[in-house]
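Read through the structure below, which is laid out as structure tokens, and then see the notes.
The values are calculated or read from the model by the stated rules, or taken from the named source; none is laboratory data. The structure displayed is predicted, hence computed values, not measured ones. Here the Cβ positions follow ideal geometry from the backbone for every residue, glycine too, while neighbour counts run over all protein chains shown.
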Ligand SMILES: Nc1ncnc2c1ncn2[C@@H]1O[C@H](COP(=O)(O)OP(=O)(O)O)[C@@H](O)[C@H]1O
Ligand SMILES: [Mg+2]
């Protein structure tokens with residue numbers, strides 16, 4: 001095995017992305033580290049504004065160079081890609097690493113037929129002949145569940161439904177056989193049934209192709225059963241990471257617990273969110289001193305407001321979290337109880 005084959009597919013180390021703004025330095029991503037092995041899936045979950053998109057774009061090297069202060073490294077198959085120039089990055093994008101975004105209309109060209117958009121992408125990245133690219137495009141549309149692919153190839157994006165357009169985007173992303181797919185809220189704009197179909201399609205393709213995937217979403221319900229592991233983000237940081245099942249059954253972070261409770265339950269009348277998390281995420285130009293979730297946390301004590309908890313191991317394999325009074329521990333239960341007494 002070469003060094004590149006031994007190293008994880010993706011290793012992100014202490015990644016920071018801060019924006020210079022009129023209000024000061026905005027700490028959108030603030031010291032994130034994680035690894036992703038080949039063929040594995042990682043869910044990145046957090047409320048809107050927690051830094052998920054900035055993190056994905058930072059990993060891809062897709063952020064404008066201007067008013068950004070970066071730190072940390074991104075290694076892809078052992079190679080530091082945070083130092084690559086535009087040309088180097090372009091070789092990776094669309095071939096090794098592909099992305100699917102929330103709104104396919106912003107990525108598809110409205111005046112170019114679907115077929116040409118896929119074949120041009122294929123020809124650019126793989127050097128396929130026109131005829132080969134055409135045949136491959138039809139096969140790709142079929143593989144992502146688009147009926148009558150030959151007819152669809154001749155159509156324009158606006159002739160397709162939102163779900164069909166997202167399938168086309170997935171076909172484009174898969175065209176070059178990437179080893180890593182980054183899907184940022186790929187189904188947020190779609191209705192619930194179509195969402196589930198698209199998410200299951202992504203999972204099936206990921207498995208078939210043994211491709212690694214990062215699935216970014218504000219909805220923890222989306223990652224259940226579709227990812228191997230989950231990283232929970234809050235205010236620019238990963239605050240808990242665990243195998244997906246462990247996260248749902250044995251979460252340690254009160255924030256994760258609150259997210260689990262806020263998953264909309266389709267079975268419930270009116271699709272009510274059972275417990276929306278009270279309060280709002282902090283202003284990241286002025287993050288709180290201690291734990292960033294403390295101002296909204298039912299478990300928080302003085303220590304939480306003073307000292308930032310470091311990420312530590314739970315004892316279960318692959319499970320880390322950052323909390324002084326964790327859920328499901330005697331310290332956590334005692335903190336919750338004292339807060340209840342003091343409030344009454
Ligand atoms: N170019 C930018 N300049 C300044 N702030 C930004 C910029 N892009 C994103 N942000 C801020 O960074 C934070 C994280 O944003 P984002 O990653 O889009 O959140 P998420 O995807 O989790 O909803 C937000 O508060 C957002 O306003
Ligand atoms: Mg986002």
For the stretch 148-192, the count of residues that are within 16 Å of ligand 1 (Cβ to nearest atom) and surrounded by 23 or more Cβ atoms within 10 Å (Cβ to Cβ) equals 4
Reported set for the stretch 214-251 where residues are part of a helix (DSSP H, G or I), modelled with pLDDT of 95 or more and under 22 Å from residue 170 (Cβ atoms) is 244
Determine if the stretch 306-316 includes at least one residue that is farther than 30 Å from residue 24 by Cβ and crowded, with 16+ Cβ neighbours inside 10 Å.
yes
Going through the stretch 119-143 one residue at a time, which ones are touching a helix residue (DSSP H, G or I) at 6+ places or on another chain (Cβ under 6 Å) and within 16 Å of residue 181 (Cβ to Cβ)?
121, 140
Being more than 30 Å from residue 301 (Cβ to Cβ) and either surrounded by fewer than 24 Cβ atoms within 10 Å (Cβ to Cβ) or within 16 Å of ligand 2 (Cβ to nearest atom) (or both): is that true of residue 259 here?
no
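Per-residue answers, yes or no, for (1) within 24 Å of residue 35 (Cα to Cα); (2) at pLDDT 95 or above; (3) out of contact with any strand residue (DSSP E or B) (no Cβ under 6 Å at 6 or more places or on another chain):
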{"residue": "305", "(1), (2), (3)": "no, yes, yes"}
{"residue": "309", "(1), (2), (3)": "yes, yes, yes"}
{"residue": "313", "(1), (2), (3)": "yes, yes, no"}
{"residue": "321", "(1), (2), (3)": "yes, yes, no"}
{"residue": "327", "(1), (2), (3)": "no, yes, yes"}
{"residue": "336", "(1), (2), (3)": "no, yes, yes"}
{"residue": "339", "(1), (2), (3)": "no, yes, yes"}
{"residue": "344", "(1), (2), (3)": "no, no, yes"}
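Would you mind finding the one in 165, 152, 116 that is under 23 Å from residue 209 (Cα atoms), modelled with pLDDT of 90 or more and not in a strand (DSSP E or B)?
165
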Please go through the stretch 178-196 and pick out each residue that is in contact with a helix residue (DSSP H, G or I) (Cβ under 7 Å, 6 or more places away or on another chain) and not in a strand (DSSP E or B).
186, 187, 189, 190, 194
In the list 140, 124, 202, which residue meets the criterion of being in contact with a strand residue (DSSP E or B) (Cβ under 7 Å, 6 or more places away or on another chain) and not in a loop (DSSP other than H, G, I, E, B)?
202
Checked 58, 82 against criteria (closer than 29 Å to residue 284 by Cα and within 17 Å of the chain's Cα centre (by Cα)); the one match is 58
